[in-house]
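Novice: One structure coming up, written as structure tokens, with questions to follow.
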Amino acid sequence: MKKAILLIFLLKCGIGISQTEFPFYEQIAFDLYQSKLIDSFPTKKKVRIYPYVFDFQPDYFVFSNPNCLGVKWKNNEQFKPLESYVESQRKIDSERFELDFSDLDKKKFKIKKRGKGNYPRLNITAPHKEKNGTDRIFVNIHETHENIYVTYHIEFNDKGEIIDWCKEMNEIIRTY
């Protein structure tokens, strides 16, 4: 009886087991990529993917405007990263520090522990939100090939459900 009263008291006061504040947006985006997008737009070689946040979110990959979703944004300054999400993710004991590869198709992907690896490789940006206060959250998946950048823009609501996605391609032109 004492245990039941104590449990009711703890749950009434808001003390107890709870979920994390944010869903793991990068994992949800990667799951969409590996289950639907890679089959729709296959690559010739295995895609290199990195398990840890420091590797799959390198600083040199910036967030790109998701203009293919039907809204024309002027520039990247209209977006800001989810700061509390990013801060909590950088801790090694965070639930969002490492991607889960338990359902990974080894015929399509190669897990790289470190280094840049060969092409094609996959990078995922941190979740970004519009500065004007909407609830839409965006994540970019950058599939880098030797001469092409493919960017998948994935739009989420605040609960982590995918609303829409689109694909953009940019070709690299080198002049010597």
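Novice: Mind checking whether some residue in segment 154-164 is within 17 Å of Pro23 (Cα to Cα), open to solvent by 70 Å² or more (accessible area, probe 1.4 Å) and touching a Ser or Thr at 6+ places or on another chain (Cβ under 8 Å)?
Specialist: No, segment 154-164 contains no residue that is within 17 Å of Pro23 (Cα to Cα), open to solvent by 70 Å² or more (accessible area, probe 1.4 Å) and touching a Ser or Thr at 6+ places or on another chain (Cβ under 8 Å).
Novice: When segment 119-137 is examined, which residues are found to be more than 20 Å from Pro51 (Cα to Cα) and touching a Phe, Trp or Tyr at 6+ places or on another chain (Cβ under 8 Å)?
Specialist: Within segment 119-137, the first condition is being more than 20 Å from Pro51 (Cα to Cα), and the residues that meet it are 128-137.
If the condition is that a residue be more than 20 Å from Pro51 (Cα to Cα) and touching a Phe, Trp or Tyr at 6+ places or on another chain (Cβ under 8 Å), then His128, Lys129, Glu130, Lys131, Arg136, Ile137 are the ones that fit.
Novice: If you go through segment 76-113, how many residues are open to solvent by less than 70 Å² (accessible area, probe 1.4 Å), part of a strand (DSSP E or B) and more than 25 Å from Gln34 (Cα to Cα)?
Specialist: Going through segment 76-113 one residue at a time, the tally reaches 1.
Novice: Lys131 fails exactly one of the following numbered conditions: (1) touching a strand residue (DSSP E or B) at 6+ places or on another chain (Cβ under 9 Å); (2) over 15 Å from Phe22 (Cβ atoms); (3) open to solvent by less than 90 Å² (accessible area, probe 1.4 Å); (4) not small (Gly, Ala, Ser). What is the number of that condition?
Specialist: (3)
Novice: Looking at (1) surrounded by fewer than 13 Cβ atoms within 10 Å (Cβ to Cβ); (2) in contact (Cβ under 8 Å) with a residue 24 or more places away in the chain; (3) acidic (Asp, Glu), find the lone condition where Glu168 falls short.
Specialist: Failing condition for Glu168: (1).
Novice: Sort through Ser102, Ser94, Ser88, Ser84 and tell me the only one that's at pLDDT below 80 and of a type in the set (S, T, N, Q). First the steps, then the outcome.
Specialist: Numbers: Ser102 fails: at pLDDT below 80; Ser88 fails: at pLDDT below 80; Ser84 fails: at pLDDT below 80.
Answer to the check: Ser94.
Novice: Given the conditions (1) open to solvent by 70 Å² or more (accessible area, probe 1.4 Å); (2) under 20 Å from Asp135 (Cα atoms); (3) modelled with pLDDT of 75 or more, report the number of the one that Ile28 does not fulfil.
Specialist: (1)
Novice: Which residue is most open to solvent (accessible area, probe 1.4 Å), if the candidates are limited to segment 134-147 and must be within 21 Å of Glu83 (Cβ to Cβ) and modelled with pLDDT under 90?
Specialist: Asp135
Novice: Moving to a separate point now. Exactly one of (1) of a type in the set (Phe, Trp, Tyr); (2) loosely packed, with under 15 Cβ neighbours inside 10 Å; (3) part of a strand (DSSP E or B) is unmet by Tyr176. Its number?
Specialist: Failed condition: (3).
The values are calculated or read from the model by the stated rules, or taken from the named source; none is laboratory data. The shown structure was predicted, so the numbers you read here are calculated from the model rather than taken from an experiment. Cβ coordinates were reconstructed from backbone atoms using ideal geometry, including for glycine residues, and neighbour counts include every protein chain displayed. Note: areas computed on protein heavy atoms with side chains; ligands, DNA, RNA excluded. Shrake-Rupley method; radii C 1.70, N 1.55, O 1.52, S 1.80 Å.
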